[in-house]
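Scroll down for the structure; my scribbles are underneath it.
The values are calculated or read from the model by the stated rules, or taken from the named source; none is laboratory data. Please read all numbers here as calculations on a predicted model, not as lab measurements. FYI the Cβ positions are ideal-geometry reconstructions off the backbone, even for glycines, and counts take in every protein chain you see. Keep in mind that these areas ignore ligands, DNA and RNA; they rest on the heavy atoms of the full protein, side chains included. Shrake-Rupley method; radii C 1.70, N 1.55, O 1.52, S 1.80 Å.
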Amino acid sequence: MKISKHWQQYCIVSSMLRKTFILIFYFFIFWFDAQVRADDILGTWMTVENTASVKVYRSNNEFRAKVVWFDERLGSGKPMNSRLDTQNVDPELRKRKVIGMEILEGLTFNPATSSWENGTIYDGSSGRYWDSSVTLNKDGTLKVRGYWKVKWIGKSLIFKRVNPGTFKKL
C-alpha cells in the first residue's frame, strides 16, 4: 500500500504542530507557576525566631497584617489578651490591645518587581510608623522591610508560613 505525498506532508506538519503546542503549553505552565502572584503573601506567618505571628490579608486593593500571637515571655510578661499598645505616641491608641492590632497596611503588589510596596509598618516597641515593603524569598520565607525614606536605612524581619494552629502550641 502506497501513501500519498500529501498525506505524508499532512502527518509531518500535524506532528510538528502537536509537538510545538505541547512545548508552548509546558513553557506557560512553568513560567506562570514560577511567577509571584499578589495573593501569595496571604495567610499566617511567624517570625523565624518564633516570637510573633501575624495574619496577612487583603482589604480592597491593599494588603494588611495584624498580630495574632506573640510570646508572652517577651516584654512586660503580661498575658497576650491583656497586653496594650502602651508605647503608641497617640494617647488614645495606648488603650488598644496588641492582639488583633494592625501593624502593616497600605501594601500594593508591584508585578514588575514581584514585591509589595508603599506600605506602612508599625513598630510597637517605639510607637513609630515606618515605610515598608515585602518580598517573597525563593525559599518561601517572607522578608518584611521597615525603613525611613530609603530602603537601605532600615531593618528587615523574616517570617515563615505557618498553620494557624502552630503558634498556639508554642
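Just a few scattered comments:
- Residue match in the stretch 135-149 (condition: closer than 14 Å to LEU42 by Cα, surrounded by fewer than 17 Cβ atoms within 10 Å (Cβ to Cβ) and β-branched (Val, Ile, Thr)): yes
- Within the stretch 120-145, the residues that satisfy the criterion of being farther than 20 Å from ASP90 by Cα and of a type in the set (Gly, Ala, Ser) are SER132, SER133, GLY140.
- Taking the listed residues SER53, SER59, the one that is in contact with a helix residue (DSSP H, G or I) (Cβ under 9 Å, 6 or more places away or on another chain), farther than 19 Å from VAL36 by Cβ, modelled with pLDDT of 90 or more and among the small types (Gly, Ala, Ser) is SER53, with no other qualifying.
- Checking each residue in the stretch 44-56 for being surrounded by fewer than 16 Cβ atoms within 10 Å (Cβ to Cβ) and either assigned to a strand (DSSP E or B) or among the hydrophobic types (A, V, I, L, M, F, W, C) (or both) picks out only VAL48.
- Residues in the stretch 90-120 that are open to solvent by 60 Å² or more (accessible area, probe 1.4 Å), closer than 20 Å to LYS55 by Cβ and either among the polar types (S, T, N, Q) or touching a residue at least 40 places away in the same chain (Cβ under 8 Å) (or both): GLU105 alone.
- The stretch 76-86: number of residues that are assigned to a loop (DSSP other than H, G, I, E, B), of a type outside the set (Ser, Thr, Tyr) and surrounded by fewer than 14 Cβ atoms within 10 Å (Cβ to Cβ): 3
- Subset of the stretch 121-147 [under 21 Å from THR51 (Cβ atoms) and either in contact with a His (Cβ under 6 Å, 6 or more places away or on another chain) or not in a strand (DSSP E or B) (or both)]: GLY124, SER125, SER126, GLY127, ASN137, ASP139, GLY140, THR141
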